[in-house]
Amino acid sequence: MHRRILVTALLLATIALTSCSSTSTSTPGSVSSALGGGANPLMGMLTSSLGVTQQQAEGGVGSILKLANEKLVKGDFDQIAALIPGASKYMDTAKKLGAYAGQVGDLAGLTSSLGKLGISPDKAAQFIPAVTDFVGKAGGSELGGKLAAVLK
């Protein structure tokens, strides 16, 4: 019972905040700046908790999405990409930053892509599960599990 009330309260708070931000008279980007990573909570979480730059976060997520696009069936990839605002932009950013030129291929290729962005192997070992956890929370454990499976 308490859990249902808490979930309902959180949902209502989220709706209220979304409504306020869409009708506010603040300058463009001020809400994004406050969230620390565009309006994308994933970018904010990566930059604040892992200490990566915005470019590293965007390029790293783009590299993960590129590998997921290579390995997952289209419907599963599309569901994951829909959970990450700007997913195609992040894939383009990763390519422009030199994280990959062709296929990422596998976990070793992904680690190499992240390394080209200046993300150390130790940091990559935290970065990848942070993204899969985000997808699992946003899209459900089944979808998070599918992403995690292709990143092994």
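The set of residues from the range 44-89 being more than 21 Å from Q126 (Cα to Cα) and β-branched (V, I, T) comprises just one member, V73. The number of residues in the range 62-108 that are surrounded by fewer than 23 Cβ atoms within 10 Å (Cβ to Cβ), of a type in the set (V, I, T) and assigned to a helix (DSSP H, G or I) comes to 1. Can you say whether S113 is modelled with pLDDT of 95 or more, assigned by TED's automatic domain parsing to the domain that holds P41, assigned to a helix (DSSP H, G or I) and closer than 17 Å to N40 by Cβ, as far as the supplied structure shows? When the stated conditions are applied, S113 does not pass them. Among the residues of the range 73-83, is there at least one that is over 18 Å from G144 (Cα atoms) and basic (K, R)? Checked against the condition, which is being over 18 Å from G144 (Cα atoms) and basic (K, R), the range 73-83 yields no hits at all. Among the residues of the range 62-85, those identified as of a type in the set (G, A, S) and out of contact with any Ser or Thr (no Cβ under 9 Å at 6 or more places or on another chain) are A68, G75, A82. Among the numbered conditions (1) touching a helix residue (DSSP H, G or I) at 6+ places or on another chain (Cβ under 7 Å); (2) under 18 Å from K71 (Cβ atoms); (3) among the hydrophobic types (A, V, I, L, M, F, W, C), the only one that I119 does not meet is (2).
The values are calculated or read from the model by the stated rules, or taken from the named source; none is laboratory data. Note that this is a predicted model, so its numbers are computed, not measured. Note: ideal-geometry Cβ built from the backbone for every residue, glycine included; neighbour counts use all protein chains shown.
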